[in-house]
Amino acid sequence: QKTCTHMRFSVLALAATASAFAPVQTALRVTPLHSPLRSENDDSLNAHRARPVALTAAGAPVIDALVSLDTFAPQFLWVLMVAAPRSSLTARVMGPIAPVIALSLAHLAIVLLAASAPGGTEPVKIFADVFDPAQNQLDGMVRLFEVRDFVAEEWPHVLIWDLFVGRAIWLDSLERDVGFTWAALLLTNGIGPPGLLLYVTICLLSGRGVPSMGYRPRDRAEY
């Protein structure tokens, strides 16, 4: 009987030991990949990384339309100055500065809409780094071009100023009868300042001198 009792306790002890080392199954709550909580948080995080500055629902289509306007409208004006610099149509359209002002107003609307969007002032903080001599300016500009709103402002900015310079070249060439201006205008529309340098070179080689671009020196008595 003692032997049976001893064996019984031994079996119970082994069973208890085995149960102690058995894996514990714990009910874990696993959030499905499609759960609303995970989807909302992860989607918003990914959207923020993909587009650091979110546009307002109403402002985004307007900004897109204005950027398209400032992209394609100047091309018609360039065609007039390049292909028909002395035509009456070109004089009527590009003689007044009204086209440049109209495009500038569209650009201003882009700036205001972008600045009023959530996070719209983010580029201002990056600009502080761009103009910090201790920072790398090119790295700062790369960061700026990752902000969609900044690109929406910067692209029309470049196009309108190129057109402004192109118009000044066109007017100067008419006033001083400078030839081969079309080449300088095309280059100005393409990459900006090199086009102006080409025009200065054309003026020098043709004996017209450095273009004044509207500047008229006055006598000291007039000051």
- Query: Which helices (runs of 4 or more DSSP H) does the stretch 125-193 wholly contain that include 2 or more residues that are hydroxyl-bearing (Ser, Thr, Tyr) and either loosely packed, with under 13 Cβ neighbours inside 10 Å or at pLDDT 95 or above (or both)?
  - Reply: 181-191
- The number of residues in the stretch 160-211 that are over 23 Å from His107 (Cα atoms) and β-branched (Val, Ile, Thr) is 6
- Query: Does the stretch 83-105 contain at least one residue that is open to solvent by 30 Å² or more (accessible area, probe 1.4 Å), within 29 Å of Leu186 (Cβ to Cβ) and in contact with a Ser or Thr (Cβ under 8 Å, 6 or more places away or on another chain)?
  - Reply: yes
- With respect to Leu204, is the statement that it is open to solvent by 30 Å² or more (accessible area, probe 1.4 Å), aliphatic (A, V, I, L, M) and either modelled with pLDDT of 95 or more or out of contact with any strand residue (DSSP E or B) (no Cβ under 8 Å at 6 or more places or on another chain) (or both) true? yes
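The values are calculated or read from the model by the stated rules, or taken from the named source; none is laboratory data. Here the structure is a predicted model, which is why all the values come from computation and not from measurement. We place every Cβ from the backbone using ideal geometry, glycine too, and count neighbours over all the protein chains shown. Each accessible area value is taken on the protein alone, full model and side chains, heavy atoms only, with ligands, DNA and RNA left out. Shrake-Rupley method; radii C 1.70, N 1.55, O 1.52, S 1.80 Å.
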